[in-house]
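In what follows, a single structure is set out as C-alpha cells and then discussed.
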C-alpha cells in the first residue's frame, strides 16, 4: 500500500520535475546551416519581443520562452515560410504586442502622425524665424 | 544610533531648505537688505553639509551591515564584498533618492558659496527655487521612503542583492546619472530665478553654463557606461535596447545638449533668450520624468503602478508641481522678455537653431515612443515600440542635424554667407558622397548603417575644420572641447554603424576539445571547470581563441549560479583588439554532453564607447576652459577694485 502511494506520488511529481529541467528546444541555441536562412531568421528575431523580459527582443534573451520562440522562428524559416507569415502567426497567438515592427493601425497612428507633425513644425519654425532676414 | 543621526540630519536639512525658500522669497519682495535674505546663502551651505552627513551615515550602516535597519536587511548581505555593500547603499530606491538629494544639496551649497556674478536679487530667486525643488525631495524621502527606518526585530540575515547588479558598473552608473540630473536642476533653478527677476542676460547664461556642461558630461559618461554595462552584462551583445529606462537617461541628455548650444548663443550673442529658458525647463522636466519612470514601477506595468501608487504618485505630484509651475511662470513672463538679438539664416546662430530644433524633435520622438505604450496600456491595448521604430524615425532628424553640425562651426556669428565657406561645404559634401558610394559598393548593407558609416567619415573630418588656419597653441580650450566632442559623435556613430553592418554571430555546441570559428577568430574549448565564488558557483569554459591563426589567448567565460537570491547569470568575456571585440558567452550543457557557446565578432564596436568618452572629454575641456576664463575675469575685476580703492585712499 505504502509502495503504491510512493509510486503514485512519484508519478505525479514526475511531470513537474520534468517541466523544470526541460532542455531548451533544439534550435533555441543553434543556428540554421544555411547562412541566408539564418540571416533571415536573425532579422525577424530582432523585431520580435521577448514577452517575459523587459524591452528585449527574443534574439537578446536567455528566457526559456524566448528560446522556444527562436526555435519556432528558425524551424519555420527552414521549412520555407516567409518571415511575414511567421510574424502574423506569432501575432495571432500572442497579440500585436509581440512585434516591434511598427505597423500603422487604429491604435498606433499617433506614432507616425506626431513625427510628421514635428517635421511640419520644424519647417514652420525655420520659415518664421528666417523669412524676414534670409 | 548611526541611523538616527542620519535621519535627524535629514530633517534639519529639510528645515534649512524651508529657511532658504522663505529667505529667498522675502528678498525678492522686500529687497536684498532684509535680515532673512542674509540667511539664504548660509542656509544652503549648511544644508549641503547636513545632507552629506546623512549620506555618510547611510554608507556606514551598509558598511557594518546593520541588519536592524530595514533598508540594509532588504538589500544587503553579510557575505557580500565590502565594495558591493557600499554600492548597495544606493542600489535601491531609498538610497538612490538620498544620493540624489545629497548631490542636489551639495550643488546648492556650491552656488550659494561661489556664484557672485548675477544680480543679488536673481541669485536669491535662484536659491529660493533651488530650496523649493529640494524641499519636495526631502518630503518625498522623509514621508514615503525613509532610508533609515528600523525593523522592530533585527533580521538574522540580509536578503542579498540582485546578482546582476553585483558589479562595479552599479557602483558608478547611477551616481553619474544623478550628478547629471542634479546639474540640470541647478540650471532649472537659474532659469526660474532669471524669469522671476526678468534678468535673462548673457551673464545668466554664463553662470548657468558650467552647470549644464557638468551635467552634460556626467550624463554622457552615465549613458556610455550604462550602455557598456548592458553590453557585457546581459550577454547577448546588444548595447542599446531603447528600453524605457535607457530612454529615461537619453531624454535629459538630448535636452541638455540642446540647452548647452542655446545657452552658448545667449552667452556670446544675447540671442535666443526665451528659447534657452524654455530648454532649461524642459531639461529638468526630462530628469524628473526619468526619475518618475524608473522609480515609480510604472514601467513593469501600468497596473503594477496602480497596485502601489504611493511613491509614483508622489513623484508625479512633484513633477506636476515643478514643471507645471515653471511652465505657468514661463507663460506669464515669456511675453515680457525680449527675444534678443536677431540673426540671419547663414550664421552660427542659424546653425545652432537647426541643432536645437532637431534635438528637440528627436527628444519628442523618444518621449512619444517611451510614453505611448504606457498610455495605450492604460486602455488595455498593448503595443510594442522598439528599435525598428526609434532607429529610422530618429534618423530622419539626426542625419540632417549631423550635416549642419559638420559645417555650422565654420560660420561666423550674426551674419555670414554660404559663399565664404563654400569650399569647406563642397569638401564635406564630396567626402560624404564618396564614402556613401564606396560603402555601398564594398559592403552594400542596410540603409541606416550605410548612412551612419558615411556620415561618420564626413563629420569626423569636418569636426577638425574649425582648427584650419589657426595657431593650434592659441586655440581656446573651449574650442578644443567643441572639436573633440563633435569628433566623438562621429567616432560613436562609426562604432554603431559598424556594429550594425559587420557583426558576426556564432552559436556552437562543442565537446571538450572541439573547435569552431567566428569571423577571423578560431575558438577551441579546452575544458569546462566548476569553480566557486563567495556567493556563487559557476561552470567556466576554458577557451583558446586566436585571431587569424595567431598566438592563442586563454579566456574563461562563466555561467554562474547565485544562491542569495537564487539566480543564474552569464559572465561574458571580451577580447578587445583595436579593430573590434570578440564576445564569448558560456551557455548550458546539452543532453549529449556538449556545451553551448555564444560567440560574436563585432568589428569596431568599441568605437561606440570611445566616442562617448571623447564627447565627455570635449565637454570637460569646454567646462575647464569656461571656468578658467571666468576665474581670470573675476581676479581681474578684483584687482581693478583693489586699485580703485588704493587710488581713493591715496587721494
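Here are a few things to note about the model shown:
- Number of the condition not met by residue B:381 [criteria: (1) outside any helix (DSSP H, G or I); (2) in contact (Cβ under 8 Å) with a residue 24 or more places away in the chain; (3) within 9 Å of another protein chain (Cβ to nearest Cβ)]: (2)
- Of the residues making up segment B:557-587, those that are part of a loop (DSSP other than H, G, I, E, B) and buried (at least 20 other Cβ atoms within 10 Å of the Cβ) are B:557, B:572.
- The requirement of being facing another protein chain (nearest Cβ under 10 Å), crowded, with 18+ Cβ neighbours inside 10 Å, in contact with a strand residue (DSSP E or B) (Cβ under 7 Å, 6 or more places away or on another chain) and closer than 22 Å to residue A:108 by Cα is fulfilled nowhere in segment B:353-376; no residue meets it.
- Unmet criterion (only one of (1) more than 14 Å from chain B (Cβ to nearest Cβ); (2) assigned to a helix (DSSP H, G or I)) for residue A:80: (2)
- In segment A:21-57, the residues that are within 10 Å of chain B (Cβ to nearest Cβ), crowded, with 16+ Cβ neighbours inside 10 Å and assigned to a helix (DSSP H, G or I): A:27, A:28, A:38, A:42
- Residue within segment B:136-147 that is under 25 Å from residue B:320 (Cα atoms), surrounded by fewer than 17 Cβ atoms within 10 Å (Cβ to Cβ), under 27 Å from the mean Cα position of the chain (by Cα) and modelled with pLDDT under 90 present: yes
- Taking the criterion of being within 14 Å of chain A (Cβ to nearest Cβ) and within 22 Å of residue B:499 (Cβ to Cβ), the residues of segment B:565-583 that qualify are B:570, B:571, B:572, B:583.
- Given (1) within 20 Å of residue B:367 (Cβ to Cβ); (2) within 7 Å of chain B (Cβ to nearest Cβ); (3) surrounded by fewer than 16 Cβ atoms within 10 Å (Cβ to Cβ), number of the condition residue A:115 does not satisfy: (3)
- With respect to the conditions (1) within 11 Å of another protein chain (Cβ to nearest Cβ); (2) under 20 Å from residue A:38 (Cα atoms); (3) part of a helix (DSSP H, G or I), residue A:62 lacks only one, and its number is (3).
- Selection within segment B:534-547 - under 15 Å from residue B:586 (Cβ atoms) and modelled with pLDDT under 85: B:536
- Residue satisfying condition, being within 14 Å of another protein chain (Cβ to nearest Cβ), assigned to a helix (DSSP H, G or I) and within 14 Å of residue A:99 (Cβ to Cβ), within set A:87, A:70: A:87
- Within segment B:332-352, the residues that satisfy the criterion of being part of a helix (DSSP H, G or I) and over 23 Å from the mean Cα position of the chain (by Cα) are B:332, B:333, B:334, B:348, B:349, B:350, B:351.
- Filtering segment B:78-130 to residues that are touching a helix residue (DSSP H, G or I) at 6+ places or on another chain (Cβ under 8 Å), farther than 26 Å from residue B:202 by Cα and not in a helix (DSSP H, G or I) leaves B:80, B:89, B:90, B:91, B:92.
- Checked against (1) touching a helix residue (DSSP H, G or I) at 6+ places or on another chain (Cβ under 9 Å); (2) part of a helix (DSSP H, G or I), residue B:441 passes all but condition (1).
- Residue satisfying all of: in segment A:97-111; within 10 Å of the chain's Cα centre (by Cα) and not in a loop (DSSP other than H, G, I, E, B); nearest to the other protein chains (Cβ to nearest Cβ) among these: A:97
- Screening the candidates B:347, B:384 for the property of being crowded, with 21+ Cβ neighbours inside 10 Å and touching a strand residue (DSSP E or B) at 6+ places or on another chain (Cβ under 9 Å) yields one hit, B:384.
- Subset of segment B:588-614 (residues that are within 13 Å of chain A (Cβ to nearest Cβ) and assigned to a strand (DSSP E or B)): B:588, B:589, B:595, B:596, B:597, B:598, B:599, B:600
- Failed item, numbered, when residue B:414 is tested on (1) more than 9 Å from chain A (Cβ to nearest Cβ); (2) part of a helix (DSSP H, G or I): (2)
- So residue B:259, is it more than 14 Å from chain A (Cβ to nearest Cβ), in contact with a helix residue (DSSP H, G or I) (Cβ under 8 Å, 6 or more places away or on another chain) and either modelled with pLDDT of 90 or more or crowded, with 24+ Cβ neighbours inside 10 Å (or both): yes
The values are calculated or read from the model by the stated rules, or taken from the named source; none is laboratory data. Quantities reported herein were computed from a predicted structural model and do not represent experimental measurements. Using ideal geometry, Cβ is built from the backbone for each residue, glycine included, and neighbour counts are taken over all protein chains shown.
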